[in-house]
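These notes concern the structure reproduced below.
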Amino acid sequence: MGIREWVEGWPVYRQLTGTDRLGLGAAAQSDVSKRLHARTEDADEVVRSICPYCAVGCGQRVYVKDGAVSQIEGDPDSPISRGRLCPKGAASKQLVTSPDRVTRVLYRRRYGTEWESLSLDDAMDMIAERVIRTRRETWEDTDENGVRLNRTEGIASLGGATLDNEENYLMKKLYTALGAVQVENQARI
């Protein structure tokens, strides 16, 4: 490629010499960008969903290509968000497509230095046994003055931003039934 072809291919030159004086169309396109297109154009289907991060419930359009999520965007038909998503919602595609996503139960033994895989059944049994033992060992019927407490301070819950309203409701009911008094949700984590 000669110098003339290189200069004529330069976007500023095309903008100054062509009809696209503002550089909003053809002048701004390179050979590479002319071949690009939106990921949403290739989708086999569009599924409506709700963002999983907080209790606002912003609408999402999930674009699926060959059975895999190819793009997630705000749903302009949503009366709640009207097509807008916060930065976390806009990046929610990473929840299901990231190669770093953990898809199995990992456990590190006390004083251990390595993670090991556990079956979901083993992990659930382990958690249930620890909850039952902790509740039994830390249960308080009354305080030193005989005031009825019926609680445990040995169990607490800190929810996060990926829990929706229904999950938070069920968690609050579960922990209250267990006697826990420290039940909190931090929507920013």
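We did not get these values from a lab; they are worked out from the coordinates using the rules stated. Keep in mind it's a predicted model, so treat the numbers as computed, not measured. Note: ideal-geometry Cβ built from the backbone for every residue, glycine included; neighbour counts use all protein chains shown.
Summarising the label geometry, the points placed 7 Å from Cα in the beta-carbon direction at Ile3 and Arg48 lie 6.0 nm from one another.
Shape index of segment 59-151: Rg/Rh, with Rg the Cα radius of gyration and Rh the Kirkwood radius from the inverse mean 1/r over Cα pairs, equals 1.23.
A protection proxy built from the mean count of other Cβ atoms within 10 Å ranks the segments 24-37, 72-85, 50-63, most packed first, as 50-63, 72-85, 24-37. Here log10 I(q)/I(0) by the Debye sum over Cα atoms at q = 0.11, 0.18, 0.19 Å⁻¹ was calculated from the structure, and among (i) -0.49, -1.42, -1.59; (ii) -0.80, -1.24, -1.27; (iii) -0.50, -1.19, -1.28 it sits at label (ii).
The radius of gyration of the Cα set in segment 39-97, together with its Dmax, comes out at 10.7, 31 angstrom.
Cross-link reach is defined here as a Cα-Cα straight distance under 16 Å, omitting same-chain residues fewer than 8 places apart; for Lys88 the aspartates and glutamates meeting it are Glu73, Asp75, Asp164.
Between Arg104, Arg133, Arg21, the GNM of the chain built on Cα springs shorter than 10 angstrom shows Arg21 fluctuating the most. For the chain, the longest principal axis of the alpha carbon atoms and the long axis of helix 120-138 meet at an angle near 40°.
The residue list Val147, Ala38, Val7 was ranked by how far each Cα lies along the charge dipole of the chain toward its positive end, using unit charges on Cβ atoms, and Val7 comes out on top. To test your reading of the geometry: what angle, between 0 and 90 degrees and rounded to tens, separates the Cα axis of helix 165-178 from the longest principal axis of the chain? Approximately 20 degrees, to the nearest ten. Each peptide in 90-97, 122-129 gets a packing score, the mean of other Cβ atoms within 10 Å over its residues, and the list from highest to lowest is 90-97, 122-129. In a fully extended conformation the segment linking Arg133 and Lys34 would gain 29.2 nm over its present Cα-Cα distance, using 0.36 nm per residue.
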